[in-house]
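What follows is one structure encoded as structure tokens, with my remarks underneath.
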Number of protein chains: 2
Amino acid sequence: MDKKPNEVLVSMKNVEDYVLEIITMLNQGAEEVEIKGVGRDIGKAVDVYNMILDKLGNGIKLDSVSIGSESRDKKRLSFILLRVKKVY
Amino acid sequence: MDKKPNEVLVSMKNVEDYVLEIITMLNQGAEEVEIKGVGRDIGKAVDVYNMILDKLGNGIKLDSVSIGSESRDKKRLSFILLRVKKVY
Ligand SMILES: [Zn+2]
């Protein structure tokens, strides 16, 4: 699963940084943002979603949640993919 | 969200221990098992699901994935809830 336009890979930065990045994307016209977390960052990706929900409330909708695993450096890592849509 | 029958809270034990516990529940007649992970154990809950999928393949179906947050000791923690059903 490659990084796509409007996909935010949650990793080393603070939760707040990803939240700001995603809210900015939505404010600048993105209809949908995918929040991805891999391995030990899966929980952080959910933290990011919950904080966005706090801030935007009914302005967003969780369109889907996918989980699975993917290979990286010959290791298999779990991932989560949260698809968030803007609501008008 | 309180712990329900057939809900497995992923926490301190090894991934393999939870996998064995859940497969045993399914073998002993459980139609559905809920795998829950809270906070930093969210990723581990997804690891548990992926390992069960490896072992049981088409014998299970991921019925739903829920995410959210809940309060614990006055802190708010993210959670994931994976509902896995047996397929006959
Ligand atoms: Zn991807």
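Data table
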{"quantity": "Counted residues, segment B:50-88 - those being touching a Ser or Thr at 6+ places or on another chain (Cβ under 6 Å), within 9 Å of chain A (Cβ to nearest Cβ) and touching a residue at least 60 places away in the same chain (Cβ under 8 Å)", "calculated": "0"}
{"quantity": "Count - residues of segment A:1-12 that are exposed (fewer than 14 other Cβ atoms within 10 Å of the Cβ), under 12 Å from the mean Cα position of the chain (by Cα) and at pLDDT 95 or above", "calculated": "0"}
{"quantity": "Failed item in (1) within 12 Å of chain B (Cβ to nearest Cβ); (2) crowded, with 21+ Cβ neighbours inside 10 Å, with A:VAL15 passing the rest", "calculated": "(2)"}
{"quantity": "Test: residue in segment A:21-33 that is more than 12 Å from chain B (Cβ to nearest Cβ), closer than 20 Å to B:SER66 by Cα and of a type in the set (Asp, Glu)", "calculated": "yes"}
{"quantity": "Entirely in chain A, the strands (runs of 3 or more DSSP E) that have 2 or more residues that are more than 16 Å from the ligand (Cβ to nearest atom), among the acidic types (Asp, Glu) and more than 17 Å from B:LEU77 (Cα to Cα)", "calculated": "none"}
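Residue-wise test of (1) of a type in the set (Asp, Glu); (2) closer than 19 Å to A:ASN6 by Cβ.
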{"position": "A:GLY29", "(1), (2)": "no, yes"}
{"position": "A:LYS36", "(1), (2)": "no, yes"}
{"position": "A:ASP41", "(1), (2)": "yes, yes"}
{"position": "A:LYS44", "(1), (2)": "no, yes"}
{"position": "A:ASP47", "(1), (2)": "yes, no"}
{"position": "A:GLY57", "(1), (2)": "no, no"}
{"position": "A:LEU62", "(1), (2)": "no, yes"}
{"position": "A:ASP73", "(1), (2)": "yes, no"}
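The values are calculated or read from the model by the stated rules, or taken from the named source; none is laboratory data. In this text, all values refer to a predicted model and were calculated from it rather than measured experimentally. Don't worry about glycine lacking a Cβ; one is built from the backbone with ideal geometry, like all the others, and counts go over all protein chains shown.
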